[in-house]
1. Taking the condition modelled with pLDDT of 95 or more, surrounded by 18 or more Cβ atoms within 10 Å (Cβ to Cβ) and over 11 Å from the mean Cα position of the chain (by Cα), does Lys52 pass?
2. Just to be sure, is Val38 surrounded by fewer than 18 Cβ atoms within 10 Å (Cβ to Cβ), among the hydrophobic types (A, V, I, L, M, F, W, C) and part of a loop (DSSP other than H, G, I, E, B)?
3. Please specify each residue of the stretch 73-91 satisfying the condition of being over 11 Å from the mean Cα position of the chain (by Cα) and touching a residue at least 12 places away in the same chain (Cβ under 8 Å).
4. Which one of these is touching a residue at least 60 places away in the same chain (Cβ under 8 Å) and more than 15 Å from Glu19 (Cβ to Cβ): Asn63, Asn45?
5. Tally up the residues in the stretch 66-93 that are in a strand (DSSP E or B) and modelled with pLDDT under 95, please.
Amino acid sequence: MFALGQSSAECRQTPGGREYNGTVHVTVSGRQCQSWSVSTPHEPNSAYTDDKFPDMSRAAANNYCRNPDESWTEGVWCYTTDPSKRWETCDVPLCGKSAASFTSQRVV
């Protein structure tokens, strides 16, 4: 069940959010997300192949927050367009919950 005014595209069904296919494209600090199919300013991890995205391709994932990492369980994230910040999480709440920022560290 979704919180009032929340569609399935605006929230994630699971803690890791691997199924999330909404259109949030800014991080918790307001940085713009880099497109998953480009390599500047950050080269995406080569393990994040098309089949790791709910959109079925990196190009279709555009610059939306996603979680193509099977081991990451802290929600959706993206590479940023800020050359000084490689990646950051996005405020996409669990369905039925309010948005929460994640500050966990990880290697991507």
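1. Yes.
2. Criteria met by Val38.
3. Of the residues in the stretch 73-91, the ones over 11 Å from the mean Cα position of the chain (by Cα) are 73, 81-86.
Correct list: Thr73, Thr81, Asp82, Pro83, Lys85, Arg86.
4. The match here is Asn45.
5. The initial filter retains those residues of the stretch 66-93 that are in a strand (DSSP E or B), namely 66, 77-80, 87-89.
Narrowing the set further to residues that are modelled with pLDDT under 95 leaves none.
So the count comes out to 0.
The values are calculated or read from the model by the stated rules, or taken from the named source; none is laboratory data. Keep in mind it's a predicted model, so treat the numbers as computed, not measured. A quick note on method: Cβ atoms are made from the backbone with ideal geometry, for glycine too, and the neighbour counts reach across all protein chains shown.
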